[in-house]
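Student: Before I ask anything, let me first share the structure, which is written out below as structure tokens.
Bear in mind these aren't lab numbers, they're just calculated from the coordinates by the rules spelled out. Remember, predicted model here, so these are calculated numbers, not experimental data. Please note: Cβ atoms are built from the backbone with ideal geometry, for glycine as well, and neighbour counts cover all protein chains shown.
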Amino acid sequence: MKKFKYIILGALLVLGSTSCKKWLNVNTDPDNPNNQSVLPQNRLPWIEHFYQYTAGVTNYRSSCMAGVYYSNNGNANTFSTTWQCTNANSTTSYQTWFVEVSSNLVDMYNSAQKIGAYHYMAAADVFSAMGYMEMLDLYGEMPYTQAGTGNPSPKPDDGKTIFNGCMAKLNEAIDLFAKTQETAAPSLASGDLWSGGDVSKWIKMCWGLKARYMLKLSKKADLYNGDYILYCLSKGPQSNADNIVGPGFNNSTVTDY
């Protein structure tokens, strides 16, 4: 009889622990998202915003160094016009790209892939191509194939690997934007600040970027293909109506990049 009681008690403990585990697993804290819980439509606006920051800093400071702009407001940009760059002045683009944009791309791509959100996968490809091509122009060799994978010491890749990888990303993006998303996938419009989910504009931008990047091969006779560049341009933006425009929000307290 005593043995029978122990058997019943053991069974009840097993059932109780299973029940607790079941009920505890349904609780998700919305204030503490993680890589598994963040939705693609919530990542994309962040990526778009901080890519604009990365590109803005890159364009402004490289223009100062090239003498296109002259800054005389007493901040770090003043020194860049005379090639007296501080660490922050020369590394901000790298930091904002890897910390705030690139770190989100792999996760957004993977989470979107699980639910058939092909347009978000495509957007991740586009930003990967734009960002890494920009970093390649600025810094040369850097982590690419192992970047964003969680490896704390990713190996650097050469320029050819990065260039070919970015072109492959754009090709995949064009194919993914053309696909119909799965029923459960969020619409691109729900997370796209740049074009309101207009897939045709994204596709045209991809073709335009391909044409721009292929011009980098102009001094490599065995790789340069002028006819294909013209073909890409014919499928890219044809007027201002085709442009993708990133919104800017005025903040009078911000005085410097």
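Student: Taking loop as defined by DSSP and a crowding limit of 16 other beta carbons within 10 Å, which GluC sites (Glu not before Pro) in region 96-201 fit?
Tutor: Sites meeting the loop and neighbour criteria: Glu141, Glu182.
Student: In debye, nearest 20, what is the charge dipole magnitude of region 162-257 about its Cα centre with +1 on Lys and Arg Cβ and -1 on Asp and Glu Cβ, if you could check?
Tutor: Dipole size: approximately 340 debye.
Student: By its C-alpha gyration tensor, with a ≥ b ≥ c as the square roots of the eigenvalues, how is region 101-257 shaped: rounded for a/c under 1.5, else prolate for a/b larger than b/c, else oblate?
Tutor: Rounded, since a/c falls under 1.5.
Student: Under a 5 Å amide H to amide H cut-off, with H placed in plane at 1.01 Å, what residues pair with Met142 once short-range neighbours are removed?
Tutor: Under 5 Å from the amide H of Met142 lie the amide H atoms of Asp157, each far enough along the sequence or on another chain.
Student: Work out from phi, with θ = phi - 60° and the Karplus expression 6.51 cos²θ - 1.76 cosθ + 1.60, the ³J(HN,Hα) of each residue of region 195-208, listed in order in whole Hz, and give x for Gly and Pro.
Tutor: Per residue, the Karplus-derived 3J(HN,Hα) values read 9, x, x, 6, 5, 4, 5, 5, 5, 5, 5, 4, 5, x Hz.
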